[in-house]
């Protein structure tokens, strides 16, 4: 009986966090849009709205790998990169075919997601055979490889179709037509399609995908894997398949975030999506409380804005950022603070037990 | 002839990676953590040596010693303040802290020394050696780097195999609780490991900047990542592994730069790493670890 | 010799040891018996400083060691052979023994001779990596390593675990010999029968509480113990 009760309690708790997550995003959207309409938000911040949305989607998707799967990925920006450039190329190709900006953005985002998903599949199959720090270092390596390859990629389009090469623009042999991707100079002449609204819709989509995934049969299997891989295996949960599914879903969302991000600028280079970007997103996820989606969203927003807010301290801002990061980690994870937390928890549970016992007597 | 010349520069670059990788591997072996800030300690070492020789006009060897002392202290302080409180925390928490330390060092260096690249003058006092009537020039930096690497490797091996503290270090890296029960002060032993690793980082920084003389606050990060890769490549926790991994990585990097593509050389290095890890998940000389239930 | 007074230990929110008090007098063999998870290992780990008690005190030869760091206890005469032996698998037998005398390196040479005399099998395996030894040999190595510090009191955590009956007998014979040579012993065992046979006194631990205590003989004859631990 009590087991059913606790199940119901868990379910309620889950749907509650779901509603919480969605409503926070929607309320934030309404408030910011209103403020923006009345010109209450200064330009430097309103220019950051789309990147913040993209990073939130990135953080939500990385949360799936790190928070729910429990595997450390240091190359998440690589998927963002694949998505971004696939999206840019798609949008550029469809410029004359689909006149509607919104439709073209949607198609590009889907395309970016698909390509990143394929990259996720190719990378996930070997990577997920490894464990722990080795897995981390291989994801880092893949991220760097993706960055390097895109850095050498030349793509152009003319009447005869799409040209792809790895040496130079001239080697593509185009007579006329448009250059889309110019090696180390990156993608140029991007038509800005992203908007804050599109960003928020993508966040809600990502939330929908991740929350449903986590609560699905597969998702519960993933949680089981995280808590104890060997135990999960011995009761017959196919480890690799579930991990791979989670990894690919995570990659697809990262790819979509990449498209959103790239379409906000007129040009974008592969170097933008390097190891440091992967780390940045990882920091958002960890500080947001791994596996905690609302926390991730808040942490991303705060940490992304922090350097902006510290702008007046110009030179010192990144130093302050580093110190804040270290202090937060020490305060949340060190032995001493843990002991204090445990003592408080102990007192709380004691009281609760006492109350429960009292309640039991009444019945 | 170009082949041999490439091989020499590969071994030389690889030796720098090997020295950095030794630091990574020792720290990983004992504290089971990826010390991401290790690469930035290299940069600090290079700056200190640069300042000592440029502003104080000290002879190269003295400036290197000063750099080593500063880095040793830095390593001990970082370990004591940032990592020690997290000894029992999740590895992810420690990793993020290490990233924080890395940001901190880079930005502190940016404030102190600015973002303009400094031209590092080589610490090596003699000229390059032409062989085969000038057909092959072996730079003095290469010679010094390779010799330094070999000496360090021998000293470290002797230290861990023969001395009491070195053996204690191996005991701590294998089983902290059992080591503690033997009367080994685990915290002090870990501090010593950080000290040695950081002193090595200082040497690596000076050698790296002698061969590639541009010094900026981010100079250390990419060699740091690559050296870490080298440590994993050779089998993390293993001293000969770090050496082998570092040198192979250097050779692969220089060869792919000159025979395949400069832009893709990093991608090739990382691709080789992935291949090795897939075939032998614990690296070339790594020990097999079995996970207990 | 060793006195544990009213200790309470928590793992996170789990209260593992409740008000444990026990005493080991000079020259005694004291056994601590109980089922899996009763808190036997936790008790030893708390005594040797790897875990901390929230209350009470631990005294070793009239000195309060409740807050002494684990690594300082070896030179105070306390040695602990942990559960599962925990020899250094990647080091040689010789190196393992050297680690045992880490705090007192001058003792290495004659200490090793003594250990080899007591455990002749180890002598033949001197330069072998500990990971290649059999379970029984590893147990001997772990005990030998602990003896290297010339302890006044030796704590043994499940020395019989995973060993064949003949080896168990051997190990217990050695424990007896060590005791006769003047080492005080605190022995944790699941094999209650064997433990009670050599123990002067024993404590029975159940779910973190001391349920019974008495001389080895008394406990071996008690109905309660026979039912629960000695198979009828």
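None of the figures in this text is laboratory data; all of them are computed from the coordinates on show. Note that the structure is predicted; figures quoted are calculated from it, not measured. Backbone-built Cβ (ideal geometry, glycine too); neighbour counts: all protein chains shown.
Taking all pairs of different Cα atoms in chain B, averaging 1/r and flipping that mean, what Kirkwood radius in angstroms comes out?
In chain B this quantity evaluates to 19.4 Å.
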*Describe numerically, in nm with one decimal, the distance between label points set 7 Å from Cα along Cα→Cβ at residue B:155 and at residue A:33.*
6.6
*asked:* Using the Kirkwood radius over C-alpha pairs as Rh, can you work out the diffusion coefficient of chain A via Stokes-Einstein at 4 °C, viscosity 1.567 mPa s, in µm² per second?
replied: 58
_Cα-based helix-to-principal-axis angle, B:38-54 vs chain B, degrees rounded to 10_ = 50
*Among B:182, A:58, C:1, A:305, which comes first, second and so on when ranked by fewest other beta-carbon atoms within 10 Å?*
A:305, C:1, B:182, A:58
*Any chance you could check the Cα centroid distance between the range C:19-47 and the range A:261-289 for me, in angstrom?*
55
*By how many degrees, between 0 and 90 and to the nearest 10, does the Cα long axis of helix A:293-309 differ from the longest principal axis of chain A?*
60
*How many angstrom lie between the C-alpha centres of the range B:205-269 and the range B:17-33?*
14
*How large is Rg/Rh for the range B:1-145, to two decimals, with Cα atoms and a Kirkwood Rh?*
1.05
*So for the range A:29-187, what percent of the C-alpha to C-alpha distances run longer than 23 Å?*
52
*Under a GNM of chain A (C-alpha, springs under 10 Å), which listed residue has the highest mean-square fluctuation: A:208, A:275, A:247?*
A:208
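With 10 angstrom as the radius, rank A:241, C:45, B:87 by how many other C-beta atoms surround their C-beta, starting from the fewest.
A:241, B:87, C:45
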*For the protein assembly as shown, what number results from the quotient of the Cα radius of gyration and 2.2 N^0.38 Å?*
1.07
_Computed log₁₀ I(q)/I(0) - Debye formula, equal Cα scatterers, no solvent, the range B:186-272, q 0.11, 0.21, 0.22, 0.26 Å⁻¹_ = -0.36, -1.15, -1.22, -1.37
_Footprinting exposure proxy for B:68, C:148 (fewest neighbouring C-beta atoms within 10 Å first)_ = B:68, C:148
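Based on the Cβ-Cβ distance of residue B:165 and residue A:101, what FRET efficiency does E = 1/(1 + (r/R0)^6) give at R0 = 51 Å, to the nearest 0.05?
FRET efficiency, residue B:165 to residue A:101: 0.15.
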*Rounded to the nearest 500 deg cm²/dmol, what is the calculated helix-only ellipticity per residue at 222 nm for chain B, with -39500 (n - 2.57) per DSSP H run of length n ≥ 4?*
-24000 deg cm²/dmol
*In degrees between 0 and 90, to the nearest 10, how far off the longest principal axis of chain A does helix A:196-215 point, with axes built from Cα atoms?*
50
*asked:* Between residue C:54 and residue C:164, what's the calculated FRET efficiency when r is the beta-carbon distance and R0 is 41 Å? Round to 0.05.
replied: 0.50
*Taking a label point 7 Å from the Cα of residue A:335 along the Cα→Cβ vector, which residues of the range B:168-182 have an amide N closer than 14 Å to it?*
B:176-177, B:180-181
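Against the globular-protein guess of 2.2 N^0.38 Å, express the Cα radius of gyration of the range C:1-94 as a ratio, rounded to two decimals.
So the range C:1-94 has a normalised radius of gyration of 1.13.
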*Take chain C, connect every pair of alpha-carbon atoms lying under 10 Å apart with a spring to form a Gaussian network, then pick out the residue of C:112, C:166, C:175 with the largest mean-square fluctuation.*
C:166
*Express in whole angstrom the spacing between the alpha-carbon centres of the range C:140-160 and the range A:115-144.*
46
*What percentage of all Cα-Cα pairs in chain C are separated by more than 22 Å?*
51
_Given R₀ = 35 Å, what would the calculated FRET efficiency be for residue C:206 paired with residue C:89, taking r from the Cβ atoms and rounding to 0.05?_
0.55
